[in-house]
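The values are calculated or read from the model by the stated rules, or taken from the named source; none is laboratory data. What you see is a predicted model; the values in this text were computed from it and never measured. Note that each Cβ is placed from the backbone with ideal geometry, even for glycine, and that neighbours are counted across all protein chains shown. Note: areas computed on protein heavy atoms with side chains; ligands, DNA, RNA excluded. Shrake-Rupley method; radii C 1.70, N 1.55, O 1.52, S 1.80 Å.
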Amino acid sequence: MGLLGRITNFSRNLFSRRKLDHDLDEELQSYVDLAADAKHDRGLSTEDARRAALVELGGAEQVKKEIRGARAGQLFLELLQDLRYGFRTLRHNLSFTLTAVCVLALGIGANATIFSVAYGILGRPLPYADADRVAVVYMHYFPRDFEFGTLCIRDFLTWRDNDRSFEQPSLFHTARMDLGGTEAVPQQVRGASVTAGFFPTLGVQPLLGRTFAPGEDKAGSTSLTVLSEAIWRSRYASSPSVIGRAVTVNGTSSTVIGVMPASFQFPRRDIEVWVNLPLNPPTRYGPWFYRGVARLKPGVTLAQAQQEINNIAPIMMREYPYYKKLTLPILSLRDSLLGSSRPAILILAATVGMVLLIALVNVANLMMARATVREREMALRLSLGAGRGRLIRQLLTESTLLAMAGGAAGLALAWVGIHLIRVSNPGNLPLVESVQLDGVVVAFTVFVSMAAGILFGLAPALTCARTDLNATIQESGRTGASSSRSTGRLRAALVIAEITVSLMLLIGAGLLLRSFVNLQRVTGGFSAPPSRILSVLISPGNRKYNDPATGIAFYNQVLERARHVQGVESAVLTDSLPPDRQGDADTFSLEGQTLPPGEINAIISSPTIGPGFFHTFGIPIIQGREFDAHDNLKSRPVAIVSEGFVKRYFPDGNGIGKRIRQSDVNWMEIVGVVGNVKYLGLTADTDSAYYKPFLQNFDPRMALVVRTSVDAASLGETLRNEIQSIDPGVTLAQIGTMEQTLALSVSQPRFDTMLLGLFAAIAMLLAAVGIYGLIAYSVVQRTHEIGVRVALGAARSDVVRGVVRQGAVLAGIGIAFGLAGSLALSRLLENLLFGVGATDWLTFAAAPLGILFVVLLATLVPALRASRISPVEALRYQ
């Protein structure tokens, strides 16, 4: 039969069933009549002839069933029947249906949310041409032991001149930039300095104008600027005439040549301007600000490029003996953007998978209980001729309907979750703009829902299909008695699995919580209340402030105005702020120190600060004194070092009076030793540092820090007005309290802890519901037994203990398995932990106790109900 004929038959069988059935009835009736007439002619009576004809036919209904089964589209018709019956069954059991849908919605919704995050960040194609062919190049060497460290311009030139694997290697670095001009007040933005090949490497065309042309990164090139779409719309009102306009970037006139589309967000999502980076011939090594980016040549893999670039490292070490064990790590563009986020995302994805597993186990338990109740119904259907395969299909259809309803509700929850993640971006997730509820996420959710429906419906369906027809009917109404024992064992195993997975999640959440608490206890090295410290980054735009005398006079006015603001106790200047705003870092020399040829001291933090800095922050002065107004250009150069610096470089513990020099500047006498301060992040080891006085080391860009007697956040606008009253052209940025800064520094671990804790709480709730349902059902099944025991004199306390013991045994087995699994899986969390081990004994002790407490609570209600069973009613039960 051709395709057209099959389609015609399918359509006729689907839409003309009544006529076909009527014709079939007539045809069978005609056959029986003809056969009866033939038998009657052979001598049988009319009644015997008809009976013999029907026996020969083999049963009219069975024949009809076989004929219908051979029709095209019959399977589809049966599926529609199953769906209708499933809808009716679920509608008549609303409490069961709503419970199952809510449980599934939690599991599927959490999975859809985290899948959208994982796919958007880890899997969605990047908005760059052949992004998988683009790589970012770093540098790692000793003694500056940063795994993915930065290069200097001389390193880049050596790489570029010896490279064979990449097309047009480029250089970039990011920094805060002051953007000024006649169109609006000055503002500080995140910018990037890049060489000419930067934009062609990434293969993105500008929205307006052009990008940097070859040669526009040569020494002495005029300053050019490319704007982001966001700042073009907000600051320049989307005007096309911005092309060719002169703007001021960091006090230098620059010409706008292009606008990049909003989808271009490299090297950071908050970049708003790109300026060309002139490759002026370097006079020395450093500063190490830069990273490389390049596109692989055709046919070259990332591994081959890594092997080839490793051959350049020895050349760099020969040119600059300071470098030891130098390597040039290469990361794909995506891995570079992700940073350290990938492990946390994968762990969260595994976590929600466990939550979904618990949800499925819970619904499977509900279905098992319901299947036991429906055993008599299934037995009757089998007795009426239904096949066991048809029963399994019917029950799987019902479970799939439940799962699809749960999936629809889960998608609604996922839409809310995705919206919250995109709006708040907790943890500063990279590529968060790619997280969205699109067709891929919907398709994943539909697939998960259908798979879930089959998984949690399979065991109950098989249980019902194995119903012993004779035994069930002979029970005369004892619901589920024929298979309650085997079903109970299976349900107990499912509850144990729930407890096992819940404990693993709870231990993971506990480890992250302990880590987060430890991180919050880290102050950064200062004792002043974070809510009483306010900082304002100041960038004088006028080039006149580059003159030390003019600049110092300006900052003296700033300090004077700030100190007169009501509520301000002290005001100081600095270019570095804990816990992670390192203003400057460089190597140094110690007077009398002899180093091997080619060796120099490590690069460490070297903040520039004004008088009163340590007092304002509450940083202890261990030896000597703090800087004061006399430490100016007319006095001898001085410095203060940290306690860690003294321990590392002065074994005798005395640094006062020693002299230190940064690069080739004058020797500075050490006049004080202070406590250690973190400038590289709360999780980083406290690095050594040496401090320089602002009055001897002028920098036009400084931060004003005030310590207040009131809530510091309330003084932000007042300080802004006071500073801009001195010079309206001054750029002010990053106005915020130290409390906000510390909160931002722990946003990623807070996000990880919050999500894992939420999923662990959901898992515990589902496990509690599961064990409650199992014990409650067990009590109903044992009503007769318990009544007999009470009638024979058993104390009600014995009944309670017996029921609670049942739950405790299940909990004990689940906890044993959970501890074993946690010992293996907690190792995956090691890179996310701070100040706590992956096998922390307190967490491994507290989590099982918490699980046991929840299980006992869930068991107590049915236990008390069992103790109140009346012997008379129990003996009448069933």
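Please find, within segment 564-614, the residue that is most open to solvent (accessible area, probe 1.4 Å) out of those that are among the charged types (D, E, K, R) and in a loop (DSSP other than H, G, I, E, B). Out of the qualifying residues, it is Glu591. Tell me whether segment 469-479 contains one or more residues that are crowded, with 19+ Cβ neighbours inside 10 Å, in a helix (DSSP H, G or I), at negative phi and at pLDDT below 75. Yes: segment 469-479 contains one or more residues that are crowded, with 19+ Cβ neighbours inside 10 Å, in a helix (DSSP H, G or I), at negative phi and at pLDDT below 75. In summary, strands (runs of 3 or more DSSP E) completely within segment 239-355 and bearing 3 or more residues that are free of Cβ contacts under 8 Å to residues at least 40 places away in the same chain occur at 252-260. Number of residues in segment 177-189 that are surrounded by fewer than 16 Cβ atoms within 10 Å (Cβ to Cβ) and not polar (S, T, N, Q): the value is 3. Residues that are touching a residue at least 24 places away in the same chain (Cβ under 8 Å) and open to solvent by 50 Å² or more (accessible area, probe 1.4 Å) within segment 116-138 comprise Tyr119, Pro127, Asp130, Asp132, Arg133, listed in sequence order. For segment 139-176, which positions are assigned to a helix (DSSP H, G or I), among the charged types (D, E, K, R) and buried (at least 17 other Cβ atoms within 10 Å of the Cβ)? If the condition is that a residue be assigned to a helix (DSSP H, G or I), among the charged types (D, E, K, R) and buried (at least 17 other Cβ atoms within 10 Å of the Cβ), then Arg154, Asp155, Arg160 are the ones that fit. Among the residues of segment 315-323, not a single one is out of contact with any Lys or Arg (no Cβ under 6 Å at 6 or more places or on another chain), basic (Lys, Arg) and either under 30 Å from Gly120 (Cβ atoms) or open to solvent by less than 20 Å² (accessible area, probe 1.4 Å) (or both).
Against the list (1) more than 30 Å from Glu319 (Cβ to Cβ); (2) touching a Lys or Arg at 6+ places or on another chain (Cβ under 7 Å); (3) at pLDDT below 95; (4) of a type outside the set (Ser, Thr, Tyr), the condition Ala571 fails is (3). Looking only at residues in segment 379-400 that are among the hydrophobic types (A, V, I, L, M, F, W, C), under 29 Å from Ala105 (Cα atoms) and open to solvent by less than 30 Å² (accessible area, probe 1.4 Å), which one is modelled with the highest pLDDT? Per the stated criteria, the residue is Leu395. Here Phe751 passes the criteria (1) open to solvent by 40 Å² or more (accessible area, probe 1.4 Å); (2) assigned to a helix (DSSP H, G or I) except the one numbered (1). Taking the conditions (1) touching a residue at least 24 places away in the same chain (Cβ under 8 Å); (2) assigned to a loop (DSSP other than H, G, I, E, B); (3) over 30 Å from Ile600 (Cα atoms); (4) out of contact with any Gly (no Cβ under 8 Å at 6 or more places or on another chain) in turn, Ala196 satisfies each one other than (4). With respect to the stated conditions, Ala371 fails to be modelled with pLDDT under 80, outside any helix (DSSP H, G or I) and either in contact with a Lys or Arg (Cβ under 7 Å, 6 or more places away or on another chain) or of a type in the set (A, V, I, L, M, F, W, C) (or both). Only one entry of Leu54, Leu75 meets the criterion of being within 17 Å of Thr400 (Cβ to Cβ), assigned to a helix (DSSP H, G or I), at pLDDT below 70 and of a type outside the set (Phe, Trp, Tyr), and that entry is Leu75.
Residues in segment 515-563 that are in contact with an Asp or Glu (Cβ under 7 Å, 6 or more places away or on another chain), among the aliphatic types (A, V, I, L, M) and open to solvent by 30 Å² or more (accessible area, probe 1.4 Å): none.
Scanning segment 215-238 for residues that are open to solvent by 50 Å² or more (accessible area, probe 1.4 Å) and in contact (Cβ under 8 Å) with a residue 40 or more places away in the chain turns up Lys218, Ala219, Gly220, Ala230.
Those helices (runs of 4 or more DSSP H) of segment 762-878 in which 1 or more residues are in contact (Cβ under 8 Å) with a residue 40 or more places away in the chain, closer than 13 Å to Ile499 by Cα and open to solvent by less than 70 Å² (accessible area, probe 1.4 Å) occupy 796-825, 841-867. Note on segment 621-634: residues that are assigned to a loop (DSSP other than H, G, I, E, B) and in contact with a helix residue (DSSP H, G or I) (Cβ under 8 Å, 6 or more places away or on another chain) amount to 6.
Out of Met702, Met738, Met668, one residue alone is in contact with a Leu (Cβ under 6 Å, 6 or more places away or on another chain), buried (at least 17 other Cβ atoms within 10 Å of the Cβ) and at pLDDT 90 or above. It is Met702.
Filtering segment 243-260 to residues that are under 12 Å from Leu179 (Cβ atoms), open to solvent by less than 20 Å² (accessible area, probe 1.4 Å) and out of contact with any Lys or Arg (no Cβ under 8 Å at 6 or more places or on another chain) leaves Val247, Val249, Ser254.
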